[in-house]
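Report on the following structure.
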Amino acid sequence: METKPSPWAVAVEQFNTAAIQLGMEDYLRAKLAECERILTVTFPVRMSDDSIQIFTGYRSQHNTARGPAKGGLRYHPSVSLDEVKALSMWMTWKCAVVGIPFGGGKGGVICDPTKMSLIEVERLTRRYGTSLEGFIGADKDVPAPDVNTNAQIMAWLMDTLSMHEGHTLLPLVTGKPVALGGSLGRVEATGRGLSFVVADAANHLGLSLASAATAVQGFGNVGSTSAMLLHDLGCKIVALSDVFGGIYNPQGMDPRQVIEHVKQTKSVVGFPETEPITNEALLEIQCDILVPAALENQITKENAPKIKAKLIAEGANGPTTPDADRILAERGIIVLPDVLANAGGVTVSYFEWVQDLQSFFWTEKEINARLKRIMDESSRAVWAIADQREVDLRTAAYFVAIDRVAEAERVRGIYP
Ligand code: NAD
């Protein structure tokens, strides 16, 4: 079995590969290969049974040359500083690829919220937020939802810091409920952006989406919306999975019905007229489009030779290891990289931040149209560089992003 590489090692390797090819100055390459600021916090939470449990969390700001750090907050037992740092670096590139004025940040708390009560999650969130006071803020670092966090958790985070400040801080976090300055269209934004990027790629490749067999790993926010919108574009959804296992039907299934099943049973498993399939097998099934939308390091050198999809759209962050990338490229499998494919979420988060700062809110139609314009333009820019420089799409996306960040660093200069 391949030991899974550290996400940070993967992120740095991806960055260095592109930066060396771009001929970046050594000082800048050394700077961008590290995070600007990292905070580790340890704090107690009173649990429902009155016991006190100690939790550890992190917040990493990789780069803020182009604007405040921006990135999600993850609650998961496997959260580590290594992973949080990698995710913050990927956010820097993602914001730059789509040209929004943010740097990269990410946070995480080591915990298993599926085994915690709602009040315990609320207390953990409020205490973690308190520990971040002064470190995050609308003009410093703006958190958003990620794995196992949601609009309610963002509302608690925002409320906690607003209580301390003595006034309401709407643009402090994004992905908030619409009742609290959240943006229409934010929940679906990542999957919607992915569907735009897949449609553009299909155009480019001459791949018809009508009945294109599609498998989606992970059926949370990103996976379920991607499945639904790709289904709307004509794709045949043949396999879906979550942490409990997967389901397969070569004739296709309606993701909206699967969402209803998940609402009732908490899992895709057991959806009628499907065969059970493991998460590992899902990645290798016969399909045209594969959407990894769960966690990182899913496509490795072990399974990359067995993948049958023609197109992989990375809904998750970092699902493909560099070794797997090389194998997929040799096999002519196109990978739409995370920094482009799942950038719709942060793009609508940017819209939310702008709307909160202006106290002026847009319609869902306006939001989706602006999202489409940004995703289409970004996708075209990345494909153009890939064609021009004869590189894969990840390298092309990195070229676009790193160039923008490096230029911001150069014109800002070195202080003092
Ligand atoms: P989520 O918590 O809503 O859903 C995660 C899904 O993955 C769930 O269905 C869960 O059961 C499944 N899962 C968890 N562990 C798994 C495992 N070991 N094997 C298979 N499935 C597993 O999270 P999300 O917000 O949809 O995020 C998914 C991925 O997308 C993450 O990599 C995240 O960083 C990335 N992402 C999210 C957003 C966003 O807007 N939410 C934006 C960009 C990228």
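The values are calculated or read from the model by the stated rules, or taken from the named source; none is laboratory data. Bear in mind the structure is a predicted one, so any value in this text is a computation, not a measurement. Every residue, glycine as well, gets a Cβ built from its backbone with ideal geometry; the counts of neighbours run over all protein chains shown. Heads up: the accessible areas ignore ligands, DNA and RNA and are worked out on the full protein's heavy atoms, side chains in. Shrake-Rupley method; radii C 1.70, N 1.55, O 1.52, S 1.80 Å.
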Every pair of residues 6+ apart whose Cβ atoms lie under 7 Å, when the first sits in the range 67-92 and is farther than 21 Å from V405 by Cβ while the second is among the aromatic types (F, W, Y) and in a helix (DSSP H, G or I):
D82/W8
For V216, state whether it is β-branched (V, I, T), under 22 Å from I374 (Cβ atoms) and under 17 Å from the mean Cα position of the chain (by Cα).
no
State the number of residues belonging to the range 75-118 that are away from the ligand (no atom under 11 Å from the Cβ) and aromatic (F, W, Y).
2
In the range 146-188, what residues are among the hydrophobic types (A, V, I, L, M, F, W, C), under 24 Å from V79 (Cα atoms) and not in a loop (DSSP other than H, G, I, E, B)?
A151, I153, M154, A155, W156, L157, M158, L161, L172, V187
Filter result for T214 (assigned by TED's automatic domain parsing to the domain that holds K308 and part of a helix (DSSP H, G or I)):
no
Sole residue being under 19 Å from the mean Cα position of the chain (by Cα) and within 29 Å of G137 (Cβ to Cβ), chosen from A406, A316
A316
Which one of these is closer than 23 Å to W90 by Cβ and among the acidic types (D, E): E273, E296?
E296
Can you spot a residue in the range 209-221 that is more than 23 Å from G344 (Cα to Cα) and without any contact (Cβ under 8 Å) to a residue 24 or more places away in the chain?
no
Close pairs from the range 117-144: first closer than 15 Å to Y58 by Cβ and in contact (Cβ under 8 Å) with a residue 24 or more places away in the chain, partner part of a helix (DSSP H, G or I) and charged (D, E, K, R), Cβ under 9 Å, at least 6 apart
G129/D159
Here, helices (runs of 4 or more DSSP H) confined to the range 317-416 with at least 3 residues that are β-branched (V, I, T) are 344-358, 364-389, 393-412
Out of everything in the range 295-332 that is within 12 Å of the ligand (Cβ to nearest atom) and open to solvent by 40 Å² or more (accessible area, probe 1.4 Å), what residue ends up being nearest to G206 (Cα to Cα)?
Q298
Sort out for me the helices (runs of 4 or more DSSP H) sitting completely within the range 1-101 that have 3 or more residues that are among the polar types (S, T, N, Q).
7-22
Among the residues of the range 243-294, write down those that are among the acidic types (D, E) and either more than 12 Å from the ligand (Cβ to nearest atom) or over 21 Å from I312 (Cβ atoms) (or both).
D254, E260, E273, E275, E284, D288
Kindly indicate the residue of the range 171-200 that is surrounded by 20 or more Cβ atoms within 10 Å (Cβ to Cβ) and closer than 22 Å to E133 by Cα and also nearest to the ligand (Cβ to nearest atom) among those meeting that condition.
G175
Looking at the range 234-251, which of its residues are open to solvent by 20 Å² or more (accessible area, probe 1.4 Å) and either touching a residue at least 40 places away in the same chain (Cβ under 8 Å) or within 22 Å of the chain's Cα centre (by Cα) (or both)?
D242, V243, F244
Given (1) touching a Gly at 6+ places or on another chain (Cβ under 8 Å); (2) in contact (Cβ under 8 Å) with a residue 12 or more places away in the chain; (3) open to solvent by 10 Å² or more (accessible area, probe 1.4 Å), D254 misses just (1)
Which condition breaks for H204 when tested against (1) surrounded by 20 or more Cβ atoms within 10 Å (Cβ to Cβ); (2) in contact with a helix residue (DSSP H, G or I) (Cβ under 6 Å, 6 or more places away or on another chain)?
(1)
For the range 345-380, name all the residues that are over 24 Å from I402 (Cα atoms), within 16 Å of the ligand (Cβ to nearest atom) and open to solvent by less than 10 Å² (accessible area, probe 1.4 Å).
E352, I367
If you go through the range 119-145, how many residues are out of contact with any helix residue (DSSP H, G or I) (no Cβ under 7 Å at 6 or more places or on another chain), open to solvent by 10 Å² or more (accessible area, probe 1.4 Å) and assigned to a strand (DSSP E or B)?
0
